[in-house]
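The values are calculated or read from the model by the stated rules, or taken from the named source; none is laboratory data. What you see is a predicted model; the values in this text were computed from it and never measured. All Cβ positions, even for glycine, are placed from backbone atoms using ideal geometry, and neighbour counts span all protein chains on display.
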Amino acid sequence: MKRIYLDYAAGIDNPSSIHAAGREAKAALESARAKIAKIISARPDEIIFTGSGTEANNLALNIAGHIVTTNIEHHSIMRPAQQRGASFVSVEPNGIVDPQKILAAIRPDTALVSVHYANNEIGVIQPIKVIAKTLHATRYTNRVLLHTDACQAAGFLNLNVQELGVDLMTLNASKIYGPNGIGCLFVRRGINIVPMIIGGDQERGRRAGTESVALATGFAEALAVASEQRPARRSGGKTNTEKLVKLRDWFIAQLPEARLNGDPIERLPNNINISFDDIDSEMLVLALDAHGICVSTGAACTTSSNEPSHVLQAISPPTPSYDKRGNIRITLGRSTTKKDLEYTLKILKKEIASALTRNRT
């Protein structure tokens, strides 16, 4: 039967439309939702699609009551938490938070604890399971929810929400080779989430706005591929994680003069965040860029800010030379080769030597 589309006011492939085209779009959207849910051991109705990881984090914190978080969270947690008068727990010098300090910060009116699964700047992995068990073992068991921002962790760490013990979890597609412009928030069944975007009844009334079927499908496929790359999901052969750990550790070993920021063991396989004394971070990034090497000084979403990294400030006590300590964040990917890193190392050492020479003159 010929199909004549006369619902352009609704847009193309709107999953909220009840005609055949809308039903097809709805089926594809729900298939993507179910695929994501299965990977993280959740139910499909516990997945809320959002426009980004930032939106999902903001949505998770849109809760009545006191919030406890750490002082090295992503700005999409830090800033809304500051607006809500949250308590910020200091991490240890290696960037990892002590679960007992989280527990000590809980008040009778605490509603939510939010802790990064893996930090976006220094790559440290937080003990989410231990934090969950610590919370569950207290008298606050059924009152304090646990949220984790797992955007950076998705490609490398266990995302099983039942095993982690989390009540809410943020993911996004762009960090796992998926499309930009889509994220999701896992919300355990029975938890009432307060919507921030109000309008239609999409996402079961928890996030208004027409969903993008294409982005959701791409997100689900990217997460499935990332899941297959994890060591626990493979039998035999070298996984992407194992490859990156080897490259990461080799590169770090070639720079004895650099300071590694964050725990050397409990960190993401692809993260190398290093500091050099008397080096300007931005100048070093630009010098590497001139040779075709793309690195950063920290989170891409804060590159327009002149403020020093709040993460590095949290793990590095101020010293007379602190302002002269430059850091760069190097993160490896599936296509990274040892040859790439050898070239980077050659240029990096050359530029550091040049910068130090200029500083002495």
- Item | Candidate set from region 305-323 (those that are at pLDDT 60 or above and outside any loop (DSSP other than H, G, I, E, B)); member that is nearest to E92 (Cα to Cα) | I315
- Message: Among the residues in region 31-44, are any assigned by TED's automatic domain parsing to the domain that holds P80, surrounded by 14 or more Cβ atoms within 10 Å (Cβ to Cβ) and more than 22 Å from the chain's Cα centre (by Cα)?
- Response: yes
- Query: For I252, are the conditions met, namely being at negative phi and touching a Lys or Arg at 6+ places or on another chain (Cβ under 9 Å)?
  - Reply: no
- Item | Total residues in region 9-19, condition under 17 Å from S212 (Cα atoms) and at pLDDT 95 or above | 7
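Restricting attention to region 261-273, report how many residues are crowded, with 16+ Cβ neighbours inside 10 Å and within 17 Å of the chain's Cα centre (by Cα).
So the first thing to find is which residues in region 261-273 are crowded, with 16+ Cβ neighbours inside 10 Å, and the list is 261-263, 267-273.
From the residues that got through so far, the ones that are within 17 Å of the chain's Cα centre (by Cα) too are 262, 267-273.
Of the residues in that region, 8 qualify.
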- A137 vs. criteria modelled with pLDDT under 95 and in the same structural domain as G53 (by TED's automatic domain parsing): yes
- Could you say whether any residue in region 267-287 is of a type in the set (D, E), closer than 30 Å to Q229 by Cβ and modelled with pLDDT of 90 or more? no
- Item | Matching residues in region 22-59 - criterion: being farther than 18 Å from G205 by Cα and touching a Lys or Arg at 6+ places or on another chain (Cβ under 7 Å) | A37
- Where residues in region 237-260 are touching a residue at least 40 places away in the same chain (Cβ under 8 Å) and over 25 Å from S281 (Cα atoms), which of them is surrounded by the fewest Cβ atoms within 10 Å (Cβ to Cβ)? T241
- Item | Enumeration of residues in region 251-270 that are in contact with a helix residue (DSSP H, G or I) (Cβ under 7 Å, 6 or more places away or on another chain) and not in a loop (DSSP other than H, G, I, E, B) | F251, L260
- Please go through region 1-30 and pick out each residue that is exposed (fewer than 14 other Cβ atoms within 10 Å of the Cβ), hydroxyl-bearing (S, T, Y) and assigned to a loop (DSSP other than H, G, I, E, B). Y5
